[in-house]
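The values are calculated or read from the model by the stated rules, or taken from the named source; none is laboratory data. All values derive from a computational prediction rather than experimental measurement. Counting neighbours? That spans all protein chains shown, and the Cβs are built from the backbone with ideal geometry, glycine included.
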Amino acid sequence: MPPAARYRLYALGTLYCAPYVAMLVWGWQAYKARSLLTLLLTVALGLLLLGMLTRTWRRFFLVYAPFLLVSVAYVAYSLSFGIVPGHTLAIVMVSASWEEILGLWTVWQGKWLLLPCLAFLGVYLWLAWGLADWPIFSGKARIVTRVLLGLALPVTAFAAQNARQLVDGLALNPVAGTVMFCAGEIPRARAEIHGAGIVKVAYHAQRPEGGEEVHVLVIGESARRGSWSAYGYQRVTTPYLDHLRGAVFLQRAMADANLTSFAVPTILTGMTPEQVTSERPHGTLLDLAKEAGYSTAWLVNQDLDVSTWLGITADRFEYPPDPEASFFGRHAPDEVLLPAYRRELARAGVPRFIGMHIMESHWEYYRRYPPSFQRFGTANRLNTMSILRKGGTTAPDLTDAYDNSVLYTDWFLEQVIEQARRLQVPATVTFVPDHGESLPALDGGAAGHGQGFYNAAQFEIPAFVWTSDAYRAAHPQQVAALEANAAREIRSHDFFYTVADLMGITWPGARPERSFASQQFIPDTTGKHLVGGVLMARP
(Lines give C-alpha, C1' and ligand atoms only; values in the text may rest on other atoms or scores of the structure.)
Protein backbone atom coordinates (compact mmCIF):
# COMPACT_ATOMS: atom_id res chain seq x y z
CA MET A 1 0.00 0.00 0.00
CA PRO A 2 1.55 3.36 -1.04
CA PRO A 3 2.29 5.77 1.85
CA ALA A 4 -0.17 8.38 0.58
CA ALA A 5 -2.94 5.80 0.46
CA ARG A 6 -2.00 4.55 3.92
CA TYR A 7 -2.26 8.08 5.34
CA ARG A 8 -5.65 8.48 3.67
CA LEU A 9 -6.79 5.26 5.34
CA TYR A 10 -5.45 6.43 8.72
CA ALA A 11 -7.28 9.74 8.33
CA LEU A 12 -10.53 7.95 7.55
CA GLY A 13 -10.02 5.68 10.55
CA THR A 14 -9.54 8.74 12.75
CA LEU A 15 -12.75 10.34 11.47
CA TYR A 16 -14.59 7.03 11.93
CA CYS A 17 -13.47 6.78 15.56
CA ALA A 18 -13.98 10.46 16.48
CA PRO A 19 -17.65 10.22 17.60
CA TYR A 20 -16.94 7.09 19.67
CA VAL A 21 -13.90 8.66 21.31
CA ALA A 22 -15.97 11.78 22.10
CA MET A 23 -18.66 9.66 23.79
CA LEU A 24 -16.03 7.66 25.67
CA VAL A 25 -14.38 10.81 27.02
CA TRP A 26 -17.75 12.39 27.82
CA GLY A 27 -18.99 9.30 29.65
CA TRP A 28 -15.77 8.63 31.56
CA GLN A 29 -16.92 10.38 34.75
CA ALA A 30 -20.65 9.66 34.64
CA TYR A 31 -20.78 6.02 33.55
CA LYS A 32 -19.57 2.78 35.10
CA ALA A 33 -16.85 0.48 33.74
CA ARG A 34 -19.36 -2.01 32.32
CA SER A 35 -21.04 0.74 30.31
CA LEU A 36 -17.73 1.96 28.87
CA LEU A 37 -16.68 -1.61 28.01
CA THR A 38 -20.04 -2.13 26.32
CA LEU A 39 -19.39 0.96 24.21
CA LEU A 40 -15.99 -0.36 23.12
CA LEU A 41 -17.39 -3.82 22.46
CA THR A 42 -20.25 -2.58 20.28
CA VAL A 43 -17.86 -0.35 18.33
CA ALA A 44 -15.59 -3.33 17.60
CA LEU A 45 -18.45 -5.67 16.69
CA GLY A 46 -20.04 -3.02 14.49
CA LEU A 47 -16.76 -2.55 12.66
CA LEU A 48 -16.41 -6.30 12.08
CA LEU A 49 -20.03 -6.71 10.93
CA LEU A 50 -19.85 -3.86 8.45
CA GLY A 51 -16.47 -5.10 7.28
CA MET A 52 -17.85 -8.57 6.55
CA LEU A 53 -20.70 -7.03 4.56
CA THR A 54 -18.60 -4.60 2.50
CA ARG A 55 -15.32 -6.59 2.21
CA THR A 56 -13.22 -3.58 1.03
CA TRP A 57 -12.13 -0.42 2.81
CA ARG A 58 -13.56 1.87 0.15
CA ARG A 59 -17.04 0.35 0.31
CA PHE A 60 -16.78 0.20 4.11
CA PHE A 61 -16.23 3.94 4.53
CA LEU A 62 -18.73 4.94 1.84
CA VAL A 63 -21.47 2.74 3.30
CA TYR A 64 -20.69 4.09 6.77
CA ALA A 65 -21.14 7.76 5.70
CA PRO A 66 -24.84 8.06 6.73
CA PHE A 67 -24.05 6.35 10.04
CA LEU A 68 -21.27 8.88 10.60
CA LEU A 69 -23.73 11.73 10.01
CA VAL A 70 -26.14 10.24 12.54
CA SER A 71 -23.28 9.71 14.99
CA VAL A 72 -22.16 13.34 14.76
CA ALA A 73 -25.72 14.55 15.41
CA TYR A 74 -26.07 12.10 18.33
CA VAL A 75 -22.79 13.25 19.89
CA ALA A 76 -23.66 16.93 19.37
CA TYR A 77 -26.96 16.48 21.20
CA SER A 78 -25.36 14.52 24.05
CA LEU A 79 -22.60 17.07 24.60
CA SER A 80 -24.97 20.04 24.28
CA PHE A 81 -27.60 18.81 26.74
CA GLY A 82 -25.53 16.55 28.98
CA ILE A 83 -27.72 13.51 28.28
CA VAL A 84 -28.13 11.03 25.45
CA PRO A 85 -31.25 11.40 23.27
CA GLY A 86 -34.13 9.96 25.25
CA HIS A 87 -37.72 10.36 26.37
CA THR A 88 -37.95 14.17 26.34
CA LEU A 89 -36.53 14.50 22.82
CA ALA A 90 -38.84 11.72 21.62
CA ILE A 91 -41.89 13.53 23.01
CA VAL A 92 -40.81 16.75 21.29
CA MET A 93 -40.25 15.00 17.96
CA VAL A 94 -43.61 13.24 18.13
CA SER A 95 -45.65 16.23 19.28
CA ALA A 96 -43.96 19.27 17.70
CA SER A 97 -45.17 20.67 14.42
CA TRP A 98 -42.85 21.52 11.56
CA GLU A 99 -43.45 25.20 12.27
CA GLU A 100 -42.28 24.72 15.87
CA ILE A 101 -39.22 22.76 14.81
CA LEU A 102 -38.39 25.51 12.32
CA GLY A 103 -38.85 28.09 15.07
CA LEU A 104 -36.59 26.11 17.37
CA TRP A 105 -33.94 26.05 14.65
CA THR A 106 -34.09 29.82 14.17
CA VAL A 107 -33.46 30.53 17.87
CA TRP A 108 -30.99 27.71 18.58
CA GLN A 109 -27.66 29.33 19.37
CA GLY A 110 -25.70 26.21 18.46
CA LYS A 111 -26.76 26.02 14.82
CA TRP A 112 -23.38 27.39 13.76
CA LEU A 113 -22.08 23.89 14.53
CA LEU A 114 -23.70 22.75 11.29
CA LEU A 115 -20.87 24.24 9.24
CA PRO A 116 -18.00 22.30 10.88
CA CYS A 117 -20.17 19.16 10.84
CA LEU A 118 -20.76 19.51 7.10
CA ALA A 119 -17.07 20.18 6.57
CA PHE A 120 -16.27 17.08 8.64
CA LEU A 121 -18.58 14.94 6.50
CA GLY A 122 -17.28 16.51 3.26
CA VAL A 123 -13.67 15.67 4.10
CA TYR A 124 -14.70 12.14 5.03
CA LEU A 125 -16.53 11.55 1.73
CA TRP A 126 -13.64 13.02 -0.28
CA LEU A 127 -11.15 10.73 1.44
CA ALA A 128 -13.41 7.67 1.11
CA TRP A 129 -14.18 8.28 -2.57
CA GLY A 130 -10.50 8.38 -3.47
CA LEU A 131 -9.65 5.19 -1.61
CA ALA A 132 -8.71 2.09 -3.58
CA ASP A 133 -10.59 -1.20 -3.21
CA TRP A 134 -8.21 -2.85 -0.77
CA PRO A 135 -9.56 -5.91 1.00
CA ILE A 136 -10.31 -5.52 4.72
CA PHE A 137 -9.55 -9.02 5.96
CA SER A 138 -6.02 -9.61 4.80
CA GLY A 139 -2.65 -9.82 6.53
CA LYS A 140 -2.63 -8.45 10.06
CA ALA A 141 -6.32 -7.60 9.85
CA ARG A 142 -7.14 -11.29 10.17
CA ILE A 143 -5.18 -11.54 13.41
CA VAL A 144 -6.85 -8.39 14.79
CA THR A 145 -10.26 -9.82 13.87
CA ARG A 146 -9.59 -13.04 15.78
CA VAL A 147 -8.33 -11.12 18.81
CA LEU A 148 -11.44 -8.89 18.85
CA LEU A 149 -13.74 -11.89 18.57
CA GLY A 150 -11.85 -13.64 21.34
CA LEU A 151 -12.16 -10.65 23.66
CA ALA A 152 -15.83 -10.16 22.87
CA LEU A 153 -16.99 -13.17 24.87
CA PRO A 154 -15.51 -12.25 28.30
CA VAL A 155 -16.35 -8.57 27.84
CA THR A 156 -19.96 -9.44 27.00
CA ALA A 157 -20.20 -11.75 30.02
CA PHE A 158 -18.80 -9.01 32.30
CA ALA A 159 -21.11 -6.29 30.94
CA ALA A 160 -24.18 -8.52 31.06
CA GLN A 161 -23.88 -8.88 34.85
CA ASN A 162 -25.62 -5.50 35.20
CA ALA A 163 -28.46 -4.98 32.73
CA ARG A 164 -28.80 -1.25 33.48
CA GLN A 165 -25.12 -0.56 32.80
CA LEU A 166 -25.28 -2.73 29.69
CA VAL A 167 -28.14 -0.63 28.31
CA ASP A 168 -26.30 2.57 29.25
CA GLY A 169 -23.30 1.35 27.29
CA LEU A 170 -25.42 0.63 24.24
CA ALA A 171 -26.86 4.15 24.51
CA LEU A 172 -23.33 5.60 24.57
CA ASN A 173 -22.71 4.11 21.13
CA PRO A 174 -24.09 6.74 18.71
CA VAL A 175 -25.21 4.17 16.13
CA ALA A 176 -26.69 1.68 18.60
CA GLY A 177 -28.15 4.55 20.63
CA THR A 178 -29.87 5.96 17.53
CA VAL A 179 -31.39 2.56 16.79
CA MET A 180 -32.61 2.28 20.38
CA PHE A 181 -34.01 5.80 20.24
CA CYS A 182 -35.89 5.28 16.97
CA ALA A 183 -37.08 1.76 17.75
CA GLY A 184 -37.81 2.30 21.45
CA GLU A 185 -38.25 5.89 22.60
CA ILE A 186 -40.15 7.20 19.57
CA PRO A 187 -42.85 4.47 19.62
CA ARG A 188 -43.04 4.76 23.42
CA ALA A 189 -43.54 8.53 23.21
CA ARG A 190 -46.19 8.13 20.52
CA ALA A 191 -48.00 5.55 22.67
CA GLU A 192 -47.84 7.75 25.78
CA ILE A 193 -49.30 10.74 23.96
CA HIS A 194 -52.20 8.52 22.86
CA GLY A 195 -52.77 7.26 26.41
CA ALA A 196 -51.42 3.72 26.08
CA GLY A 197 -50.87 1.89 29.36
CA ILE A 198 -53.77 3.57 31.14
CA VAL A 199 -56.95 1.54 31.59
CA LYS A 200 -59.66 4.16 31.27
CA VAL A 201 -63.21 3.76 32.47
CA ALA A 202 -65.98 5.67 30.75
CA TYR A 203 -67.62 8.43 32.75
CA HIS A 204 -70.86 8.25 30.71
CA ALA A 205 -70.83 12.04 30.73
CA GLN A 206 -73.25 14.30 28.92
CA ARG A 207 -74.04 17.96 28.60
CA PRO A 208 -77.80 18.45 28.60
CA GLU A 209 -77.94 22.14 27.68
CA GLY A 210 -75.49 22.08 24.76
CA GLY A 211 -74.43 25.24 22.92
CA GLU A 212 -70.99 26.68 22.22
CA GLU A 213 -68.91 27.61 25.28
CA VAL A 214 -65.19 27.90 25.99
CA HIS A 215 -63.61 26.83 29.27
CA VAL A 216 -59.92 27.28 30.07
CA LEU A 217 -58.05 25.66 32.94
CA VAL A 218 -54.56 27.01 33.69
CA ILE A 219 -52.55 24.85 36.08
CA GLY A 220 -49.75 26.92 37.54
CA GLU A 221 -46.59 25.97 39.39
CA SER A 222 -45.13 26.94 42.77
CA ALA A 223 -47.50 29.86 43.30
CA ARG A 224 -47.29 31.28 46.80
CA ARG A 225 -50.48 33.09 47.84
CA GLY A 226 -48.59 35.43 50.14
CA SER A 227 -46.61 36.87 47.20
CA TRP A 228 -49.60 38.02 45.14
CA SER A 229 -50.66 41.64 45.64
CA ALA A 230 -54.19 40.47 44.74
CA TYR A 231 -54.13 38.90 48.22
CA GLY A 232 -52.59 41.89 50.01
CA TYR A 233 -48.84 41.48 49.38
CA GLN A 234 -47.11 44.85 49.81
CA ARG A 235 -45.39 44.75 46.44
CA VAL A 236 -47.52 45.20 43.34
CA THR A 237 -46.82 41.83 41.75
CA THR A 238 -50.25 41.29 40.14
CA PRO A 239 -51.26 44.71 38.74
CA TYR A 240 -53.68 43.21 36.21
CA LEU A 241 -55.33 40.73 38.55
CA ASP A 242 -55.64 43.37 41.29
CA HIS A 243 -58.37 45.07 39.27
CA LEU A 244 -59.76 42.15 37.27
CA ARG A 245 -63.47 42.48 36.63
CA GLY A 246 -65.51 39.28 36.63
CA ALA A 247 -63.13 37.19 38.71
CA VAL A 248 -63.85 35.37 41.96
CA PHE A 249 -60.65 34.96 44.00
CA LEU A 250 -60.60 32.04 46.40
CA GLN A 251 -59.41 33.22 49.79
CA ARG A 252 -58.55 29.86 51.38
CA ALA A 253 -57.50 27.56 48.55
CA MET A 254 -55.21 24.77 49.79
CA ALA A 255 -52.99 22.46 47.75
CA ASP A 256 -53.42 18.75 48.40
CA ALA A 257 -49.66 18.15 48.04
CA ASN A 258 -46.40 20.06 47.86
CA LEU A 259 -45.09 17.98 44.94
CA THR A 260 -46.28 18.36 41.35
CA SER A 261 -46.41 14.61 40.73
CA PHE A 262 -49.12 14.28 43.39
CA ALA A 263 -50.83 17.68 43.19
CA VAL A 264 -51.63 17.81 39.47
CA PRO A 265 -53.34 14.38 39.45
CA THR A 266 -55.68 15.53 42.23
CA ILE A 267 -56.64 18.59 40.14
CA LEU A 268 -57.25 16.68 36.91
CA THR A 269 -58.92 13.56 38.33
CA GLY A 270 -60.66 14.62 41.55
CA MET A 271 -58.78 11.90 43.43
CA THR A 272 -58.03 12.69 47.07
CA PRO A 273 -54.47 12.53 48.44
CA GLU A 274 -55.29 9.14 49.93
CA GLN A 275 -56.43 7.84 46.54
CA VAL A 276 -53.48 9.28 44.58
CA THR A 277 -51.02 7.31 46.69
CA SER A 278 -52.86 4.01 46.33
CA GLU A 279 -54.70 3.98 42.99
CA ARG A 280 -53.97 4.53 39.30
CA PRO A 281 -56.23 7.05 37.55
CA HIS A 282 -58.80 5.80 35.07
CA GLY A 283 -59.59 9.09 33.39
CA THR A 284 -59.07 12.85 33.55
CA LEU A 285 -61.01 16.06 33.15
CA LEU A 286 -60.10 16.00 29.45
CA ASP A 287 -61.71 12.58 29.03
CA LEU A 288 -64.81 13.79 30.85
CA ALA A 289 -65.02 16.89 28.63
CA LYS A 290 -64.50 14.86 25.45
CA GLU A 291 -67.29 12.45 26.38
CA ALA A 292 -69.60 15.41 26.93
CA GLY A 293 -68.96 16.73 23.42
CA TYR A 294 -66.17 19.23 24.04
CA SER A 295 -63.25 19.68 21.66
CA THR A 296 -60.15 19.37 23.86
CA ALA A 297 -56.63 20.77 23.79
CA TRP A 298 -53.71 20.27 26.17
CA LEU A 299 -50.96 22.92 26.01
CA VAL A 300 -47.84 22.12 28.02
CA ASN A 301 -44.78 24.14 29.01
CA GLN A 302 -43.85 21.73 31.79
CA ASP A 303 -42.31 18.36 32.48
CA LEU A 304 -44.44 15.79 30.66
CA ASP A 305 -44.08 13.00 33.21
CA VAL A 306 -47.30 13.91 35.00
CA SER A 307 -49.25 14.20 31.74
CA THR A 308 -48.09 10.82 30.51
CA TRP A 309 -48.62 9.17 33.92
CA LEU A 310 -52.21 10.38 33.87
CA GLY A 311 -52.65 9.18 30.30
CA ILE A 312 -53.81 12.60 29.15
CA THR A 313 -55.19 12.50 25.63
CA ALA A 314 -56.58 15.50 23.81
CA ASP A 315 -57.81 16.29 20.34
CA ARG A 316 -54.82 18.59 20.03
CA PHE A 317 -51.59 18.45 22.01
CA GLU A 318 -48.99 21.24 22.17
CA TYR A 319 -45.51 20.83 23.64
CA PRO A 320 -43.17 23.49 22.17
CA PRO A 321 -39.49 22.45 21.87
CA ASP A 322 -37.11 23.95 24.41
CA PRO A 323 -33.35 23.69 23.64
CA GLU A 324 -32.39 25.22 26.99
CA ALA A 325 -34.21 22.86 29.39
CA SER A 326 -32.30 21.86 32.52
CA PHE A 327 -32.65 19.68 35.62
CA PHE A 328 -35.02 22.27 37.10
CA GLY A 329 -37.33 22.26 34.10
CA ARG A 330 -37.91 24.11 30.88
CA HIS A 331 -36.54 27.58 30.29
CA ALA A 332 -38.99 28.56 27.57
CA PRO A 333 -41.27 31.34 28.88
CA ASP A 334 -44.93 30.41 29.26
CA GLU A 335 -45.87 32.74 26.44
CA VAL A 336 -44.69 30.07 23.96
CA LEU A 337 -48.16 28.55 24.49
CA LEU A 338 -50.05 31.66 23.45
CA PRO A 339 -50.04 31.06 19.66
CA ALA A 340 -51.59 27.61 20.15
CA TYR A 341 -54.03 29.07 22.68
CA ARG A 342 -55.19 31.68 20.18
CA ARG A 343 -55.69 28.96 17.56
CA GLU A 344 -57.90 27.04 19.96
CA LEU A 345 -60.01 30.09 20.80
CA ALA A 346 -60.53 30.71 17.10
CA ARG A 347 -61.86 27.17 16.54
CA ALA A 348 -65.45 28.42 16.50
CA GLY A 349 -68.57 26.33 16.14
CA VAL A 350 -67.90 23.72 18.84
CA PRO A 351 -67.71 23.81 22.66
CA ARG A 352 -64.03 23.89 23.66
CA PHE A 353 -62.02 22.90 26.72
CA ILE A 354 -58.43 24.17 26.79
CA GLY A 355 -56.03 22.95 29.46
CA MET A 356 -52.69 24.66 30.04
CA HIS A 357 -49.85 23.44 32.29
CA ILE A 358 -47.26 26.19 32.78
CA MET A 359 -43.89 26.62 34.52
CA GLU A 360 -44.96 29.85 36.27
CA SER A 361 -42.73 30.33 39.37
CA HIS A 362 -40.78 27.08 39.59
CA TRP A 363 -37.13 27.40 40.52
CA GLU A 364 -35.00 28.76 38.84
CA TYR A 365 -37.15 31.88 39.38
CA TYR A 366 -34.84 34.24 37.50
CA ARG A 367 -35.26 32.14 34.34
CA ARG A 368 -39.07 32.28 34.37
CA TYR A 369 -39.46 35.77 32.93
CA PRO A 370 -37.96 37.93 30.16
CA PRO A 371 -35.51 40.72 31.14
CA SER A 372 -38.25 43.32 30.72
CA PHE A 373 -39.94 41.91 33.87
CA GLN A 374 -36.86 42.42 36.06
CA ARG A 375 -38.61 45.05 38.19
CA PHE A 376 -37.49 44.00 41.67
CA GLY A 377 -33.82 43.72 42.60
CA THR A 378 -31.22 42.00 40.44
CA ALA A 379 -30.51 38.38 39.58
CA ASN A 380 -26.77 38.86 39.13
CA ARG A 381 -25.87 36.90 42.27
CA LEU A 382 -28.23 33.99 41.65
CA ASN A 383 -27.30 30.67 40.11
CA THR A 384 -28.72 27.18 39.93
CA MET A 385 -27.57 26.28 43.45
CA SER A 386 -28.84 29.45 45.17
CA ILE A 387 -32.08 27.77 46.26
CA LEU A 388 -30.02 25.36 48.39
CA ARG A 389 -28.50 28.19 50.45
CA LYS A 390 -31.23 28.78 53.01
CA GLY A 391 -30.41 32.28 54.01
CA GLY A 392 -27.42 34.57 53.74
CA THR A 393 -27.05 37.49 51.42
CA THR A 394 -28.89 35.88 48.49
CA ALA A 395 -32.19 35.34 50.37
CA PRO A 396 -33.55 38.80 49.39
CA ASP A 397 -32.46 38.15 45.80
CA LEU A 398 -34.53 34.96 45.78
CA THR A 399 -37.56 36.94 46.91
CA ASP A 400 -36.96 39.57 44.24
CA ALA A 401 -36.61 36.98 41.48
CA TYR A 402 -39.71 35.13 42.68
CA ASP A 403 -41.74 38.36 42.72
CA ASN A 404 -40.62 39.09 39.16
CA SER A 405 -41.87 35.64 38.13
CA VAL A 406 -45.25 36.47 39.69
CA LEU A 407 -45.30 39.74 37.76
CA TYR A 408 -44.74 37.82 34.54
CA THR A 409 -47.47 35.32 35.42
CA ASP A 410 -49.84 38.25 35.95
CA TRP A 411 -49.02 39.43 32.41
CA PHE A 412 -49.45 35.92 31.00
CA LEU A 413 -52.84 35.49 32.65
CA GLU A 414 -53.83 38.87 31.26
CA GLN A 415 -53.18 37.57 27.75
CA VAL A 416 -55.20 34.43 28.43
CA ILE A 417 -58.19 36.24 29.95
CA GLU A 418 -58.34 39.20 27.57
CA GLN A 419 -58.24 36.85 24.57
CA ALA A 420 -61.15 34.91 26.09
CA ARG A 421 -63.01 38.15 26.85
CA ARG A 422 -63.28 38.86 23.11
CA LEU A 423 -65.40 35.76 22.56
CA GLN A 424 -69.11 36.22 22.00
CA VAL A 425 -69.97 32.92 23.68
CA PRO A 426 -69.93 32.03 27.41
CA ALA A 427 -66.37 31.54 28.64
CA THR A 428 -64.48 30.88 31.88
CA VAL A 429 -60.83 30.86 32.88
CA THR A 430 -59.90 28.92 36.01
CA PHE A 431 -56.42 29.27 37.50
CA VAL A 432 -55.02 26.93 40.14
CA PRO A 433 -51.37 26.10 40.86
CA ASP A 434 -50.18 22.65 41.82
CA HIS A 435 -48.74 23.87 45.14
CA GLY A 436 -47.13 26.85 46.82
CA GLU A 437 -43.50 27.79 47.48
CA SER A 438 -41.34 28.68 50.47
CA LEU A 439 -38.91 31.61 50.36
CA PRO A 440 -36.08 31.74 52.93
CA ALA A 441 -36.54 35.42 53.75
CA LEU A 442 -40.29 35.06 54.31
CA ASP A 443 -40.88 31.51 55.56
CA GLY A 444 -38.47 30.89 58.41
CA GLY A 445 -35.58 29.79 56.22
CA ALA A 446 -37.53 27.13 54.28
CA ALA A 447 -36.84 27.14 50.55
CA GLY A 448 -38.61 25.68 47.54
CA HIS A 449 -41.17 22.93 47.98
CA GLY A 450 -41.58 19.18 48.34
CA GLN A 451 -39.89 18.79 51.74
CA GLY A 452 -41.09 16.24 54.27
CA PHE A 453 -42.18 18.89 56.78
CA TYR A 454 -45.27 21.07 56.64
CA ASN A 455 -44.68 24.71 55.71
CA ALA A 456 -47.83 26.73 55.17
CA ALA A 457 -46.46 28.67 52.18
CA GLN A 458 -46.16 25.42 50.22
CA PHE A 459 -49.89 24.69 50.62
CA GLU A 460 -51.59 28.11 50.72
CA ILE A 461 -52.17 28.88 47.05
CA PRO A 462 -53.78 31.66 45.00
CA ALA A 463 -56.66 30.57 42.78
CA PHE A 464 -59.53 32.23 40.94
CA VAL A 465 -62.30 31.72 38.40
CA TRP A 466 -62.97 34.39 35.80
CA THR A 467 -66.30 34.37 34.00
CA SER A 468 -67.31 36.37 30.94
CA ASP A 469 -70.42 38.55 30.79
CA ALA A 470 -72.06 35.98 28.51
CA TYR A 471 -71.33 33.18 30.98
CA ARG A 472 -72.70 35.13 33.95
CA ALA A 473 -75.88 35.83 32.01
CA ALA A 474 -76.28 32.18 30.99
CA HIS A 475 -75.33 30.57 34.32
CA PRO A 476 -76.19 32.90 37.21
CA GLN A 477 -76.53 30.02 39.70
CA GLN A 478 -72.95 28.81 39.22
CA VAL A 479 -71.60 32.35 39.51
CA ALA A 480 -73.61 32.96 42.69
CA ALA A 481 -72.23 29.73 44.18
CA LEU A 482 -68.66 30.73 43.29
CA GLU A 483 -69.10 34.01 45.10
CA ALA A 484 -70.78 32.39 48.11
CA ASN A 485 -68.00 29.79 48.49
CA ALA A 486 -65.01 32.05 47.80
CA ALA A 487 -64.13 32.46 51.49
CA ARG A 488 -64.46 28.76 52.33
CA GLU A 489 -61.60 26.25 52.32
CA ILE A 490 -61.17 24.70 48.89
CA ARG A 491 -58.84 21.80 48.09
CA SER A 492 -57.05 20.81 44.88
CA HIS A 493 -59.33 17.83 44.25
CA ASP A 494 -62.37 20.14 44.31
CA PHE A 495 -61.32 21.72 41.00
CA PHE A 496 -62.09 18.61 38.93
CA TYR A 497 -65.73 18.66 39.98
CA THR A 498 -65.96 22.46 39.85
CA VAL A 499 -64.64 22.89 36.30
CA ALA A 500 -66.93 20.07 35.16
CA ASP A 501 -69.81 21.90 36.86
CA LEU A 502 -68.86 25.15 35.12
CA MET A 503 -68.93 23.28 31.79
CA GLY A 504 -72.44 21.96 32.52
CA ILE A 505 -71.35 18.33 32.48
CA THR A 506 -73.33 15.67 34.31
CA TRP A 507 -72.41 12.03 34.90
CA PRO A 508 -73.30 9.28 37.39
CA GLY A 509 -70.19 9.92 39.49
CA ALA A 510 -70.70 13.68 39.80
CA ARG A 511 -70.40 15.00 43.34
CA PRO A 512 -72.01 18.43 43.73
CA GLU A 513 -70.75 18.64 47.32
CA ARG A 514 -67.22 18.76 45.88
CA SER A 515 -67.96 21.60 43.43
CA PHE A 516 -67.57 25.11 44.78
CA ALA A 517 -69.67 26.24 41.79
CA SER A 518 -72.59 24.49 43.50
CA GLN A 519 -74.81 25.59 46.37
CA GLN A 520 -74.33 22.05 47.78
CA PHE A 521 -70.57 22.46 48.24
CA ILE A 522 -69.17 21.16 51.54
CA PRO A 523 -65.53 22.03 52.35
CA ASP A 524 -63.28 19.01 52.84
CA THR A 525 -61.48 19.87 56.09
CA THR A 526 -60.91 16.31 57.28
CA GLY A 527 -58.65 14.88 54.59
CA LYS A 528 -54.88 14.74 54.91
CA HIS A 529 -52.27 16.45 52.77
CA LEU A 530 -49.30 14.87 51.02
CA VAL A 531 -46.20 16.40 52.58
CA GLY A 532 -43.13 15.31 50.66
CA GLY A 533 -45.20 12.41 49.36
CA VAL A 534 -46.28 11.26 52.84
CA LEU A 535 -49.88 11.54 54.07
CA MET A 536 -49.99 13.92 56.99
CA ALA A 537 -52.65 15.82 58.89
CA ARG A 538 -52.25 19.58 58.77
CA PRO A 539 -50.87 21.06 62.01
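For region 354-393, enumerate the residues that are touching a His at 6+ places or on another chain (Cβ under 8 Å) and among the β-branched types (Val, Ile, Thr).
354
Inside region 210-244, can you point out the residues that are of a type in the set (A, V, I, L, M) and part of a helix (DSSP H, G or I)?
Result: 230, 241.
May I ask you to say which residue of 222, 229 is buried (at least 24 other Cβ atoms within 10 Å of the Cβ), of a type in the set (Ser, Thr, Tyr) and modelled with pLDDT of 90 or more?
Numbers: 229 fails: buried (at least 24 other Cβ atoms within 10 Å of the Cβ).
Only one candidate passes the filter, namely 222.
Does residue 444 count as under 23 Å from the mean Cα position of the chain (by Cα), of a type outside the set (Val, Ile, Thr) and assigned to a loop (DSSP other than H, G, I, E, B)?
no
Out of all the residues in region 53-101, which are over 15 Å from residue 176 (Cα atoms), crowded, with 17+ Cβ neighbours inside 10 Å and modelled with pLDDT of 85 or more?
58, 59, 60, 61 - these are the residues of region 53-101 that are over 15 Å from residue 176 (Cα atoms), crowded, with 17+ Cβ neighbours inside 10 Å and modelled with pLDDT of 85 or more.
Could you tell me how many of the residues in region 517-529 are under 17 Å from residue 271 (Cβ atoms) and either out of contact with any strand residue (DSSP E or B) (no Cβ under 8 Å at 6 or more places or on another chain) or assigned to a loop (DSSP other than H, G, I, E, B) (or both)? Break it down into steps so the answer makes sense when it comes.
Residues of region 517-529 under 17 Å from residue 271 (Cβ atoms): 524, 526-529.
Then drop every residue that is not either out of contact with any strand residue (DSSP E or B) (no Cβ under 8 Å at 6 or more places or on another chain) or assigned to a loop (DSSP other than H, G, I, E, B) (or both), which leaves 524, 526-528.
Qualifying residue count, region 517-529: 4.
List pairs: first in region 366-390 and without any contact (Cβ under 8 Å) to a residue 40 or more places away in the chain, second part of a loop (DSSP other than H, G, I, E, B) and surrounded by 18 or more Cβ atoms within 10 Å (Cβ to Cβ), Cβ under 6 Å, 6+ apart or cross-chain?
366/379; 366/382
I'm checking my understanding of the structure. Among residues of region 102-144 that are assigned to a loop (DSSP other than H, G, I, E, B) and in contact with a helix residue (DSSP H, G or I) (Cβ under 9 Å, 6 or more places away or on another chain), which one is modelled with the lowest pLDDT?
Filtering region 102-144 down to residues assigned to a loop (DSSP other than H, G, I, E, B) leaves 108, 130-134, 136-139.
With the extra rule that they be in contact with a helix residue (DSSP H, G or I) (Cβ under 9 Å, 6 or more places away or on another chain), the set shrinks to 130-134, 136-137.
On the way: 130: 86, 131: 84, 132: 81, 133: 80, 134: 80, 136: 77, 137: 72.
Looking at residues that are assigned to a loop (DSSP other than H, G, I, E, B) and in contact with a helix residue (DSSP H, G or I) (Cβ under 9 Å, 6 or more places away or on another chain), I get 137.
Mind listing whichever residues of region 245-300 are in a helix (DSSP H, G or I), of a type outside the set (A, V, I, L, M) and touching a helix residue (DSSP H, G or I) at 6+ places or on another chain (Cβ under 8 Å)?
Step one: filter region 245-300 for residues in a helix (DSSP H, G or I), giving 260-269, 273-276, 285-291.
Next, only the ones that are of a type outside the set (A, V, I, L, M) stay: 260-262, 265-266, 269, 273-275, 287, 290-291.
Of everything in region 245-300, those that are in a helix (DSSP H, G or I), of a type outside the set (A, V, I, L, M) and touching a helix residue (DSSP H, G or I) at 6+ places or on another chain (Cβ under 8 Å) turn out to be 260, 261, 262, 265, 266, 269, 273.
Go through region 27-84 and count every residue that is touching an Asp or Glu at 6+ places or on another chain (Cβ under 7 Å) and in a helix (DSSP H, G or I).
Residues that pass the stated criteria total 2.
Only one of (1) buried (at least 23 other Cβ atoms within 10 Å of the Cβ); (2) in a loop (DSSP other than H, G, I, E, B) fails for residue 538. Which number is that?
(1)
One residue is enough: does region 272-281 have a residue meeting the conditions modelled with pLDDT of 95 or more and of a type outside the set (A, V, I, L, M)?
No, there is no match, as no residue in region 272-281 is modelled with pLDDT of 95 or more and of a type outside the set (A, V, I, L, M).
Residue 354 - would you say it is within 19 Å of the chain's Cα centre (by Cα) and hydrophobic (A, V, I, L, M, F, W, C)?
Numbers: within 19 Å of the chain's Cα centre (by Cα): yes; hydrophobic (A, V, I, L, M, F, W, C): yes.
Yes.
Out of the residues in region 513-529 meeting the condition of being buried (at least 23 other Cβ atoms within 10 Å of the Cβ) and under 33 Å from the mean Cα position of the chain (by Cα), tell me which one is modelled with the lowest pLDDT.
By that ranking, first place goes to 529.
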